[in-house]
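None of the figures in this text is laboratory data; all of them are computed from the coordinates on show. Given the structure is predicted, the values throughout are model-derived calculations rather than measurements. For neighbour counting, all protein chains shown are included, and Cβ atoms are generated from backbone atoms with ideal geometry for every residue, glycine included.
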Amino acid sequence: MKLLEAISKHTCKIGVVGLGHVGLTVAAVFADRGFTVFGCDLIRSQVKSIMSGNLKLFELGLAKMVNNNVKSGKFSATTDCLNVAKTCEIMIICVQTPLSRDQQPDLSFLRSACETVGHGMTKQKLVLIMSSVPPGTTTEMSRILERVSGLSCEKDFWLSYCPERLTPGNSVRDFINSDRIIGGVDAQSTRLTSHLFQEVVKGKVFLTNSLTVEIAKLAENTFRDVNIAFANELALICEQDGVDVQEVVRLANTHPRVNIHRPGCGVGGPCLPKDPYLLLVKAKQHTEHSLIRCSRRLNSFMESHTISMILTALRLAKKDVTGSRISVLGVTYKKGTSDVRGAPSKFIIQELLRLGAHVNVYDPLCTECFGGKNCTGPYEAIANTDCLVILTDHREFASLNLWKVKEIMNKPACLVDGRRVINPAKVKSIGIRYYGIGFGKRNKVRR
Ligand code: SAJ
């Protein structure tokens, strides 16, 4: 078959729709392996920064890979998606699928991308969808592609679902090394897609149908979300019982078949807060008893719980939140990234501001401060504040000079650790009041 041969020889042209973290990584890696890649995005500034070598993405090695391939002519970006769709034999769709306010998926970007790809469709092309989607979406998109192109899926063109597992910050490494799951709408689509990926990735490729892959992808992130919710519930229990949840999790995880995740001040990012809702879109029968929905609520509740912890710390220090001064260290949704999508810091900072607190904010990897005052270093943020709050587990925070922290804070100095990055015993020995997620105070509160 012509396309199979072109894939093996790296002579087919690949179009990538949507040049965010995923799309840009996909485009750069395929170009780096010798394919000619055309990327398209509606955002003119993103296209311009790619073509001019001014990328502003915090992704290890990605900017360099993009720049090298733009220079060599293997990769170029444009806003003209239709032209790309007409030119390329393989189209990879990596557009966003956000949630609306009522937690319903907004597939308008994906539908619109499929319409454009459909307009550029001719026989013997392969379309891949990589965005996270509710079950059944690949079949829905096949109908759009057929309607717009007047061609028939499986007979005239092929379509597969092949989601990404990459971690923001390390997308290139993860794209190349992760095992992946691929599901075509028919055996030929699956075979072609598997062939394509085996040309560029080192991880194993597992093959099945598109609906199974759609559900499996959502199951991965939902499993993590439910597991974290369990860890968070344990943390709440431990706080009441005067026990440290870190010790409980450490001991429970010595069981060979137990792997409890880490509790914390909330679950953020582009995937975990969204994917459980995508999985539930068509699940109508058991909504009242849904473990998944309940876990989502519990993980969101941890943000309010962190606020309660801050208010308790202030109250016990005989201070009112209104007019108090609070320092927040960490804004990004997790360590080692500049990404703030879905970060718990947004709600926590905005709620503290609403309650009348002055909030200083510092993050080593981003300047977003959600209305607080942006500071250029941790001690500048901490100076003259009543309560220090840690919301991200950035490495730098674990090595804070706690003597200095105590000295520059208002008295009594209080610390609320939302990610358990600092040793409570050390904090207390220095004379700072300590509060941490899942850190129960022994002999204090009994049920
Ligand atoms: N979190 C906890 N406790 C934990 C682990 C995470 O509270 O034990 C919180 C983090 O602080 C963060 C959120 O959960 O706020 C999400 O963290 P994550 O490490 O799961 O990271 P993501 O969102 O970067 O997840 C991505 C996922 N990628 C995609 O869906 C494309 C996921 O599939 C991967 O499992 C994960 O990266 C990874 O690190 O492998």
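Projected label points at V258 and S152, each 7 Å from Cα along the beta carbon direction, are separated by 5.7 nanometres. Simple rule: put +1 on each Lys or Arg Cβ and -1 on each Asp or Glu Cβ in the chain, find the dipole, and look at A317, T87, F397; the Cα lying farthest toward the positive end is A317.
Between L4 and R354, take the C-beta separation as r, use R0 = 35 Å, and let me know the FRET efficiency to the nearest 0.05. According to the calculation, E is roughly 0.05. The P(r) of the chain has a tail past 27 Å containing 58 percent of all C-alpha pairs. Model label sites at S290 and N423, defined 7 Å from Cα along the beta-carbon direction, differ in position by 4.4 nm. Peptides 155-163, 103-111 ordered by packing proxy, namely the average of other Cβ atoms within 10 Å per residue, highest first: 155-163, 103-111. The lysines whose alpha-carbon is closer than 29 Å to the alpha-carbon of K202, local same-chain residues fewer than 8 away aside, are K2, K9, K13, K56, K64, K71, K74, K125, K217, K274, K334, K335. Magnitude of the charge dipole for the range 251-380, about its Cα centre and with charges confined to Cβ atoms of Lys, Arg (+1) and Asp, Glu (-1), is about 340 debye. Based on Cα contacts under 8 Å between residues 6+ apart, the chain shows a relative contact order of 12 percent.
Peptides 423-436, 258-271, 25-38, 171-184 ranked from most to least packed, by the mean per-residue count of other Cβ atoms within 10 Å: 25-38, 258-271, 171-184, 423-436. Here the chain is treated with +1 on each Lys and Arg Cβ and -1 on each Asp and Glu Cβ, and its dipole about the Cα centre works out to around 920 debye. Using the beta-carbon distance between A187 and K411 and R0 = 56 Å, what value does 1/(1 + (r/R0)^6) give for FRET efficiency, to the nearest 0.05? Calculated value: 0.20. With R₀ set to 51 Å, the beta-carbon distance separating A317 from K123 gives a calculated FRET efficiency near 0.10. The modelled label-to-label distance for the pair S304/R111, using points 7 Å beyond Cα in the direction of Cβ, is 3.4 nm. As a length-normalised measure over Cα pairs under 8 Å and 6 or more apart, the relative contact order of the range 2-203 settles at 21 percent.
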